[in-house]
1. Quick one: length gained pulling ASP166 to SER219 fully straight, 0.36 nm per residue minus the C-alpha distance?
2. How do PHE83, PHE208, PHE7 line up, fewest other C-beta atoms within 10 Å first?
3. Under a cut-off of 17 Å between alpha-carbon atoms, report the aspartates and glutamates in cross-link reach of LYS28, not counting same-chain residues fewer than 8 places apart.
4. From the phi angles alone, apply the Karplus equation (6.51, -1.76, 1.60; θ = phi - 60°) to the stretch 301-310 and give each ³J(HN,Hα) in whole Hz, x where the residue is Gly or Pro.
5. Using θ = phi - 60° and the Karplus form 6.51 cos²θ - 1.76 cosθ + 1.60, what ³J(HN,Hα) does each residue of the stretch 227-232 get, whole Hz, x for Gly and Pro?
6. Hey, which aspartates and glutamates would be in cross-link range of LYS112, C-alpha to C-alpha under 18 Å, not counting anything within fewer than 8 residues on its own chain?
7. Cut-off 17 Å, label point 7 angstrom out along Cα-to-Cβ of LYS112: give me the residues of the stretch 4-28 whose amide nitrogen falls inside.
8. Quick one: dipole size for the chain, taken about the Cα centre, charges +1 on Lys/Arg Cβ and -1 on Asp/Glu Cβ, in debye to the nearest 20.
Amino acid sequence: MSMEMEFIRVLPSPQSLMEDYPISLKSKKIKLERDKIIKNIFSGKDDRLVLVIGPCSSDNEDAVLDYVTRLAKVQEKIKDKIFVVPRLYTNKPRTIGVGYKGMLHQPSPEGKEDMLEGIIAIRKLNVRVIEETGLTGAEEILYPEVFRYLSDLLCYAAVGARSSEDQLHRMIASGVGIPVGLKNPTSGDLSVMLNSVAAAQHSQEFLFRGWEVRTKGNSFAHSILRGYVDASGKSLPNYHYETITQVMKMYEERQLENPAIIIDTNHANSGKHYLEQIRIAKDIMHSRKINPDIKNIVKGLMIESYIEDGNQKVDGGVYGKSITDPCLGWEKTEELLLDLADML
């Protein structure tokens, strides 16, 4: 019985793409150094704040490079307090699977889907980021198979709210070798989120890219609070002091390694009102300030930001303005980063 699926073409292996679009020895050293720093932050040896920040979706290579270049300059000013990780999300999960799905699917936002061109485009983008700015980025593990094409370039990965209950995503998170944040599901169930973290911290065996594989478990797997949606579809936040203390207790009960929380200031936490991210970020800084246990467990923030405020339609034509969720513009972003550094 044949599958009702058209097999379009075999894609190149991650190894061959890495050879075609390599990084320099200098960049390899930068990657190792940044991996070490971020792991030290998650294990509590380094008390800097992690800031995963950037566009909702990386839709244009030049605009993203421009944005990350600006970010690298601010990182230089605040490096003693904040460790900046550019958000280089190149695939955009769609609630009903329709519409612009990100650079991986459509290297040109208005063009047709082309996964071969897409994996080349996302590899090139990440190579340019590390080579030109000295920063290594974060990506969402939307499709577990795609991660291997970027595994020598990223220092952080996240598993989205709709994927964190999925067994394969949990198992991939256990073997990626960098800190991975698992978001609370859209329902807001915190025990499901902690189950995801526990699964990712354990050794796993599974099928991957035609192989039977075994992982050691990822002791840097942690939770991301991103707000949730109630039964009637209303967005509700979960970044408050009370939720953080609740998650702390849940970590203690499960006795997981390196208990850590990253808080996503957008999505359901802001009700997608992107300007609220400024207030929310500062609110979290306040919670950290008044309780040393919260300071120890809240390792960082996730912020959606780009060159221009807000968002536009796919064919809007405004350079550096999101074509997916609305983002903070550059001026507000820079001011926020400097303010956050002052608050630490």
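None of the figures in this text is laboratory data; all of them are computed from the coordinates on show. Quantities reported herein were computed from a predicted structural model and do not represent experimental measurements. Ideal geometry is used to build each Cβ from the backbone, glycine not excepted, and the neighbour counts take in all protein chains shown.
1. 17.2 nm
2. Taking fewest neighbouring Cβ atoms as first place, the list is PHE7, PHE208, PHE83.
3. GLU19, ASP20, GLU131, GLU132, ASP152
4. 10, 10, 10, 9, 8, 8, 7, 10, 4, x
5. x, 8, 10, 7, 4, 9
6. The reachable aspartates and glutamates, counting only those whose Cα sits under 18 Å from LYS112, are GLU6, ASP59, GLU61, ASP315.
7. Zone members listed by number: 6-10.
8. With Lys and Arg at +1 and Asp and Glu at -1, about 780 debye.
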